[in-house]
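Engineer: Structure incoming, see below.
The values are calculated or read from the model by the stated rules, or taken from the named source; none is laboratory data. In this text, all values refer to a predicted model and were calculated from it rather than measured experimentally. Reconstructed Cβ throughout: ideal geometry from the backbone, glycine too, with neighbour counts over all protein chains shown.
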Amino acid sequence: MRNRIEIRVWKAHELPPNWFKRRLAEDKDSAAAENDVKEIISAVQRQGNAALIGFTERFDKTKLTARDLRVTSAEIKAAYKAVGQQQVNALKLMRERLFANEKIALQQIGYKTSREGVSVHTVLRPIESVGCYVPAGQAAYPSTLVMTTTPAKVAGVQRVVVFSPPTSKGTINPLTLVAADICEVDEVYRVGGVQAIAALAYGTETIKPVRKIVGPGSKYVTAAKVQVSKDVAIDMPAGPSEILILADEEANPKLVAADMISQAEHGPDSIAGLITTSRSLLRMSCSVLMNKVNRRSAEKSWRKRSQQRDS
């Protein structure tokens, strides 16, 4: 991987009509992926924890035992030592604000009407359990954990479970664990990929299945969610990340770049664009991107997909 990025800049009259399009995967590759997903799900259904351990070693390059699958409270407590207080405060603030917003949204769902002695009203009852998938590998996504678990907690779901892929050392990013503690998650498992979705849907010897699965992931995770949706509810099949920002000379280039990076870091198939009438904003935004972009994952996306329009 090169230690630099390339950002494409086009003037308005030079903008290609297909600048936003992704390269479509070959049909045979998609079919092969679907078959792989089906086989992994089937293996987890048949073999339970043994399949989770095997696939974790194969894909995440770490050896676990059945006892290692669930993250302990001691590990979560230790995670606080690996993050800064400013990060902890940011996660707490994020959760606090989202909790308040979700509470208002939940209250607005219900209604009550009465006419001629007949009363009609809604009764909201939370489902018993929700499984939240939190991606890892390319970057840490504690915000995903906050955004998926908080609505469930507001709704009164009694069992909220988080699955996230481990590193090659068998650990989960400490920010993710701290976020899980702040959000009062009931169970955390160091399992990712298709096998995680299968475990959430069908359970294993030590993991109870859930009633609904939420959260983003790779194309394999998405395909797995679609396949298990015949047996368990899911939120939606998430597609590749994309963002297009319209800004003039009054925009803050640091905020513009931050918004673009937040989407591009999801993977090389992400699309991030900036359309601006200000050459000054363009130059400053590009400068921030060059200095701040995550070179491990977003670099590929910026080389291939970042487009800005200079009018």
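Engineer: Given the residues 61, 77, which is the only one that is under 18 Å from residue 166 (Cα atoms) and not assigned by TED's automatic domain parsing to the domain that holds residue 192?
Structural biologist: Values: 77 fails: not assigned by TED's automatic domain parsing to the domain that holds residue 192.
Answer to the check: 61.
Engineer: Name the pairs whose Cβ atoms lie under 6 Å apart, with the first residue in the stretch 163-184 and surrounded by fewer than 19 Cβ atoms within 10 Å (Cβ to Cβ), the second among the β-branched types (Val, Ile, Thr) and at pLDDT 95 or above, and 6 or more positions between them or separate chains?
Structural biologist: Between residues of the stretch 163-184 that are surrounded by fewer than 19 Cβ atoms within 10 Å (Cβ to Cβ) and residues that are among the β-branched types (Val, Ile, Thr) and at pLDDT 95 or above, the close pairs are 168/62; 170/62; 181/76.
Engineer: Output the residue which, of all residues in the stretch 12-25 that are surrounded by 11 or more Cβ atoms within 10 Å (Cβ to Cβ) and hydrophobic (A, V, I, L, M, F, W, C), is modelled with the highest pLDDT.
Structural biologist: Checking each candidate, the answer is 15.
Engineer: Looking at (1) surrounded by fewer than 21 Cβ atoms within 10 Å (Cβ to Cβ); (2) at pLDDT below 95, which one does residue 308 not meet, given that it meets all the others?
Structural biologist: Here residue 308 meets the rest and fails (1).
Engineer: Being of a type in the set (S, T, N, Q) and within 27 Å of residue 211 (Cα to Cα): is that true of residue 72 here?
Structural biologist: yes
Engineer: I would also like to ask the following. Tell me whether the stretch 265-272 contains one or more residues that are in a strand (DSSP E or B) and within 16 Å of residue 8 (Cβ to Cβ).
Structural biologist: Scanning the stretch 265-272 turns up at least one residue that is in a strand (DSSP E or B) and within 16 Å of residue 8 (Cβ to Cβ).
Engineer: OK, next. Which residue out of 71, 83, 88, 9 is surrounded by 12 or more Cβ atoms within 10 Å (Cβ to Cβ), at pLDDT 95 or above, over 19 Å from residue 202 (Cα atoms) and in contact with a strand residue (DSSP E or B) (Cβ under 7 Å, 6 or more places away or on another chain)?
Structural biologist: The unique qualifying residue is 71.
Engineer: Then there is this: Are there any pairs with C-beta distances below 8 angstrom linking a residue in the stretch 85-106 that is within 17 Å of residue 181 (Cα to Cα) to a residue that is surrounded by 13 or more Cβ atoms within 10 Å (Cβ to Cβ) and polar (S, T, N, Q), with the two at least 6 apart or on different chains, and if so which?
Structural biologist: Listed pairs, sorted by first residue: 94/143; 95/150; 98/150; 99/150.
Engineer: Restricted to the stretch 217-233, and to residues that are of a type outside the set (A, V, I, L, M, F, W, C) and in contact with an Asp or Glu (Cβ under 9 Å, 6 or more places away or on another chain), which residue is surrounded by the most Cβ atoms within 10 Å (Cβ to Cβ)?
Structural biologist: Step by step, filter the stretch 217-233, then rank; the result is 225.
Engineer: Of the numbered conditions (1) more than 28 Å from residue 125 (Cβ to Cβ); (2) surrounded by fewer than 23 Cβ atoms within 10 Å (Cβ to Cβ), residue 211 fails exactly one; give the number of that condition.
Structural biologist: In the conditions (1) more than 28 Å from residue 125 (Cβ to Cβ); (2) surrounded by fewer than 23 Cβ atoms within 10 Å (Cβ to Cβ), residue 211 misses (1) alone.
Engineer: For residues in the stretch 26-50 being among the small types (Gly, Ala, Ser) and at pLDDT below 95, which is nearest to residue 206 (Cα to Cα)?
Structural biologist: 33
Engineer: For residues that are assigned to a loop (DSSP other than H, G, I, E, B) and in contact with an Asp or Glu (Cβ under 9 Å, 6 or more places away or on another chain), scanning just the stretch 240-251, find the one that is nearest to residue 277 (Cα to Cα). Reasoning before the result, please.
Structural biologist: From the stretch 240-251, those assigned to a loop (DSSP other than H, G, I, E, B) are 240-241, 248-251; that's our starting set.
With in contact with an Asp or Glu (Cβ under 9 Å, 6 or more places away or on another chain) added as a condition, the list becomes 240-241.
Details: 240: 27, 241: 24 Å.
Across the stretch 240-251, the extreme among qualifying residues is 241.
Engineer: If a residue must be surrounded by fewer than 18 Cβ atoms within 10 Å (Cβ to Cβ), of a type in the set (Ser, Thr, Tyr) and modelled with pLDDT under 85, how many such residues does the stretch 238-279 contain?
Structural biologist: Going through the stretch 238-279 one residue at a time, the tally reaches 2.
Engineer: Something else: Just checking, which of 131, 137, 156 is at pLDDT below 95 and not aromatic (Phe, Trp, Tyr)?
Structural biologist: Being at pLDDT below 95 and not aromatic (Phe, Trp, Tyr) holds for just one of 131, 137, 156, which is 137.
Engineer: Pull up the stretch 45-68, narrow it to residues that are assigned to a helix (DSSP H, G or I) and of a type in the set (A, V, I, L, M, F, W, C), then point me to the one that is surrounded by the most Cβ atoms within 10 Å (Cβ to Cβ).
Structural biologist: 52
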